[in-house]
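Shown next, in C-alpha cells, is the structure this report addresses.
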Amino acid sequence: AQKVTQAQTEISVVEKEDVTLDCVYETRDTTYYLFWYKQPPSGELVFLIRRNSFDEQNEISGRYSWNFQKSTSSFNFTITASQVVDSAVYFCALSLNSGGSNYKLTFGKGTLLTVNP
Amino acid sequence: DTGVSQDPRHKITKRGQNVTFRCDPISEHNRLYWYRQTLGQGPEFLTYFQNEAQLEKSRLLSDRFSAERPKGSFSTLEIQRTEQGDSAMYLCASSPVLNEQFFGPGTRLTVL
C-alpha cells in the first residue's frame, strides 16, 4: 500500500520569508508519480506539479521549487519570498504509474500554510 | 468555463435521507474519480470510472453509496440513508489519458 506523510500540520511565516513544505512517501513500486496540490480557502484543489519517479531533476517555476530525492523518499516544496496569497493548505500526493492502479491519488494530510503580512 | 463542475456546492440533509451529487468533467476526459475529504484530512479515493465503466471502488464505499456515469459523460454519486459520518466534502476529478487530475469545487455535505 502507498502512504504519504506530511509531518508539518501548520506553518506560519511572515511575508517575504522562504518556506519549505516536507513530503515523505512510501511505495514498493518503482514507477510512480508525485504531485503537489494547493487548496485555498475556496476549497478547490489546484494542481501545481507532477513528477515522474524516473526524473529526479529539481524544478523551479517562478517562486516555487521542488526537490525530489529518491534516496530519502522525499518530495519537498519550497516557496521563495512568500506572499499572503500563498496562504492555503498544500497537499502532497502519489499515484502508481501502472494501468492496473487506475492512477488514483493517495494524499497526505496536508500542511496549512499561513503567510502573515 | 471549461473546468470540472459539481452540483450542488452545499447540501444539508437529515439523517436517513437520500442525497445525490452530480459531477460534470472536462469535456473529452475519459477518466473520472470521486474522492471524499473530511475536516483536517487529505482527500481519500472512493471510486473510478473509465468512460462509462466503473473500474474500481474503495472499501470506503459502503453499500449505501452508488455511483454512475451513463454514456461516459457526467457522473452521479448517491448516498442512501445518510449517516452523520457521511458529512464531508465530496470531490470529483477528471483526467485525460494519463494521470494529471483536475478537481472540481466539491460538494459539501452536512448530515444533521
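The values are calculated or read from the model by the stated rules, or taken from the named source; none is laboratory data. Computed from a prediction, not measured in an experiment: that's the story for all the values here. With ideal geometry, Cβ positions are generated from the backbone for all residues, glycine too; neighbour counts draw on all protein chains shown. Side chains are part of the model used for accessible areas, which takes the heavy atoms of the whole protein and leaves out ligands, DNA and RNA. Shrake-Rupley method; radii C 1.70, N 1.55, O 1.52, S 1.80 Å.
Residues that are more than 15 Å from the chain's Cα centre (by Cα), in a loop (DSSP other than H, G, I, E, B) and within 14 Å of another protein chain (Cβ to nearest Cβ) do occur in segment A:55-65, at least one of them. Quick check, is A:Glu59 under 14 Å from A:Tyr90 (Cβ atoms) and open to solvent by 60 Å² or more (accessible area, probe 1.4 Å)? It is false that A:Glu59 is under 14 Å from A:Tyr90 (Cβ atoms) and open to solvent by 60 Å² or more (accessible area, probe 1.4 Å). Here A:Val4 clears all of (1) assigned to a strand (DSSP E or B); (2) within 21 Å of B:Leu91 (Cβ to Cβ); (3) without any contact (Cβ under 8 Å) to a residue 12 or more places away in the chain; (4) of a type outside the set (Gly, Ala, Ser) except the condition numbered (3).
Restricting segment A:90-102 to residues that are open to solvent by less than 20 Å² (accessible area, probe 1.4 Å) and at the interface with another protein chain (Cβ under 10 Å from one of its Cβ atoms), which is modelled with the lowest pLDDT? Only one residue fits best here, namely A:Ser101.
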